[in-house]
Amino acid sequence: MGAASAYIQRMGSDVGRKARGFTAIGIFLFFGAVMAGLAAITLLWRGTPLDRLWVLNRMAYKRLVPMGRAVGILFLLLSGALTTAGIGWFRRRPWGWRPAVVIIATQVVGDLVNCVRGDLLLGGTGVIIAGALLLFLLRPKIRGSFA
């Protein structure tokens, strides 16, 4: 983990001074990749010790299990997309910035749907957080960091 931390620090140091949160977004992308990967594993191969992780969000598990293996594959693809975005983010490549924007914008839309469905607390909180992240990503200083 030390080597990964040093790499992240080295890659984000130049932009990090200019725009706070640059490194945090990259770490967020990798964290999301790990979480999506864990969800994929537990949905594709049920009965592993990792199933206990769903205690953190039982309602999501109850909603996802009936969809079968297809949703596990989608989570696997999401994990790959987040990993790719994270690598591109720290390398300051457009192929890192673009998927990060698309993923966060998709989250904003999903949170708006939650609001419309009546879950104002969860959806509203999500809109505020994901919206703030999206605004950060769209800042000219951040966008200009990607060649």
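Could you work out how far helix 22-44 tilts from the main Cα principal axis of the chain, as a 0 to 90 degree angle to the nearest 10? Helix 22-44 sits at roughly 20 degrees to that axis. Please go through the range 54-147 and write out the trypsin sites (Lys or Arg not before Pro) that DSSP classes as loop and that have at most 10 other C-beta atoms within 10 Å. Those satisfying the criteria are Arg117.
About its Cα centre, the dipole of the chain is roughly 340 debye, where the only charges are +1 on Lys and Arg Cβ and -1 on Asp and Glu Cβ. Can you tell me what percent of all Cα-Cα pairs in the chain are more than 29 Å apart? More than 29 Å apart: 23 percent of the Cα pairs in the chain. Put a dot 7 Å past the Cα of Arg46, heading toward its Cβ, do the same for Arg93, and the two dots end up 3.8 nm apart. Principal-axis analysis of the Cα atoms of the chain puts helix 69-90 at an angle of about 10° to the longest axis.
Readers should treat all values here as calculations from the given coordinates under stated rules, not as data from a laboratory. The structure displayed is predicted, hence computed values, not measured ones. Because the Cβ atoms are built from the backbone with ideal geometry, glycine has one as well, and the counts that use them run over all protein chains shown.
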